[in-house]
Structure formats: structure tokens, C-alpha cells
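Report on one structure; see the data block that follows.
Any read-out appearing in this document is the output of simple, stated calculations on the displayed coordinates, not a laboratory observation. Predicted model, so just to flag it, every value in this text is computed and none were measured. When we count neighbours, we look across all protein chains shown, and the Cβ atoms used for this are built from the backbone with ideal geometry, even at glycine.
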Amino acid sequence: MKKFAFILFFLPAMGAFATSDLFAALDKDGNGAISKAEAAAESRLAAAFDEYDTDGDGQISRAEFDKYQSN
């Protein structure tokens, strides 16, 4: 039972960590945003790029990426 409680306690934090790692991995130039070229490495993101680039600047910001991840 203790293992189960441990997993439930840390699971949300682990998910957030994985999301951060994916954003960082895709943001190859480290400018804090994901370009269309960088998004090509993640086929699902690349296919929906324009939908999640809500401000139309040609990049996926951290906030836009978080919305993508929540879907």
C-alpha cells in the first residue's frame, strides 16, 4: 500500500518533468520557443502546429506547448 501511495503522490510531478524535457528537447536552439522546423521531430505537434500557434508568430511558446500537452 505504501508503494501505491508513493506513486500517486509523485506521478503528477513526473508528468510535468517529462513535459519540460520534451519542450527542451524540441527547442534545439534554446530560444524558449519551438519553430516549425523544430516541431517536425514530434509528428503530432507538427501536424497541429498552426492550431497551437495561437498568436501566429510562427513559434510554439511554452504556454502554447502546455495547451498542446493538455489535449
Quiz item: What is the range 16-70's relative contact order, in percent, from Cα pairs under 8 angstrom and six or more apart in sequence?
Solution: 30 percent
Quiz item: What is the distance, in nm, between label points placed 7 Å from the Cα along the Cα-to-Cβ direction at Lys36 and at Ala63?
Solution: 2.3 nm
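Taking neighbour Cβ counts within 10 Å as the exposure measure, how do Ser61, Ser70 sort from fewest upward?
So the ranking, lowest neighbour count to highest, is Ser70, Ser61.
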Self-check item: Ser35 long-range amide H proximity, modeled H, under 5 Å
Solution: Ile60
Exercise. Step through the residues of the range 59-71 one at a time and calculate ³J(HN,Hα) from phi using the Karplus curve (6.51 cos²θ - 1.76 cosθ + 1.60, θ = phi - 60°), rounding each to whole Hz and writing x for Gly and Pro.
Key: 9, 9, 7, 4, 5, 5, 5, 4, 5, 4, 5, 6, 9
Practice problem: Work out from phi, with θ = phi - 60° and the Karplus expression 6.51 cos²θ - 1.76 cosθ + 1.60, the ³J(HN,Hα) of each residue of the range 43-55, listed in order in whole Hz, and give x for Gly and Pro. | Solution: 4, 5, 5, 4, 5, 10, 3, 5, 5, 8, 7, 5, 8
